[in-house]
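Here, each number is a calculation from the coordinates, and none is a lab measurement. Quantities reported herein were computed from a predicted structural model and do not represent experimental measurements. Don't worry about glycine lacking a Cβ; one is built from the backbone with ideal geometry, like all the others, and counts go over all protein chains shown.
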Amino acid sequence: MPHSSRTYAMRYAPATDEHAGAIHNVLQTTIRAIYPKYYPQTVVDFFCNLHCLEHVREGIASGNMGVALDDAGNVVGTGCYDDNHITGVYVHPAFQGRGCGTLIIDRLEEKIAADYDVACIDASLSAACLYERRGYKTVGHGVIEFDDGVKLVYEKMEKQLR
Ligand SMILES: CC(C)(COP(=O)(O)OP(=O)(O)OC[C@H]1O[C@@H](n2cnc3c(N)ncnc32)[C@H](O)[C@@H]1OP(=O)(O)O)[C@@H](O)C(=O)NCCC(=O)NCCS
């Protein structure tokens, strides 16, 4: 069941090839605007590279990527999953705080719940509180070490879906 009964101003749709450029733009804009508040530049660059256009196209091809669209059909957010892992949820900064992220996560959880009892996420610091409020629990931590000595510690979170 959806997490919230809020009325959404946006609609969610499966991502198609024609969305690739707009999804990439949302990802890069959001990461460059939000992540420097939480992470050093090395980590910001890591996430920008992780969400390159090639990876966006792979996500679309998997059939597991979705977009949040405004009334005019513009891509304002995106989300993707792989098996029972939510692999990314990003909402353009100009559209955050309106329920768009909630809409995307609701849809991803619905997809995952069709086949799995538990949803997993490697949560960014910018989203850990949101996931916690949705019922996700921290079950461990992961660490990525970069060549310049920077370390990215992230929370592994899980939610029982049924
Ligand atoms: C995390 C992220 C996806 C959330 O997207 P969002 O569209 O802002 O999410 P929502 O609007 O659904 O919820 C955000 C907050 O707005 C509140 N909100 C939702 N709808 C609202 C509405 N109509 N009016 C006022 N507030 C609202 C929610 O309660 C939530 O509050 P909380 O953080 O205290 O729980 C977005 O902030 C983002 O892209 N961040 C950077 C990237 C990132 O961290 N991604 C996660 C990777 S794991």
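Residue by residue, segment 33-40 carries 3J(HN,Hα) couplings of 8, 9, 5, x, 6, 10, 9, x Hz when phi is fed to the Karplus relation 6.51 cos²θ - 1.76 cosθ + 1.60 (θ = phi - 60°); x denotes Gly or Pro. With neighbour counts taken as other beta-carbon atoms within 10 Å, the residues 161, 50 rank, fewest first, as 50, 161.
Take the Cα of residue 48, step 7 Å toward its Cβ, do the same at residue 18, and the gap between the two points is 3.0 nm. Could you name the lysines whose alpha carbon sits less than 28 Å from that of residue 111, not counting residues in the same chain fewer than 8 places away? Of all the lysines, those that pass the test against residue 111 - Cα under 28 Å, at least 8 places apart if same chain - are 137, 156, 159.
Couplings 3J(HN,Hα) of segment 13-25, computed from phi: 8, x, 6, 10, 3, 5, 8, 3, x, 5, 4, 4, 5 Hz, in residue order, whole Hz [Karplus 6.51 cos²θ - 1.76 cosθ + 1.60, θ = phi - 60°; x for Gly and Pro]. Taking a straight line from the alpha carbon of residue 37, these lysines sit under 18 Å away, with near neighbours fewer than eight places off in the same chain left out: 151.
The loop-placed trypsin sites (Lys or Arg not before Pro) in segment 1-94, going by DSSP, that have at most 14 neighbouring Cβ atoms within 10 Å of their Cβ come out as 6.
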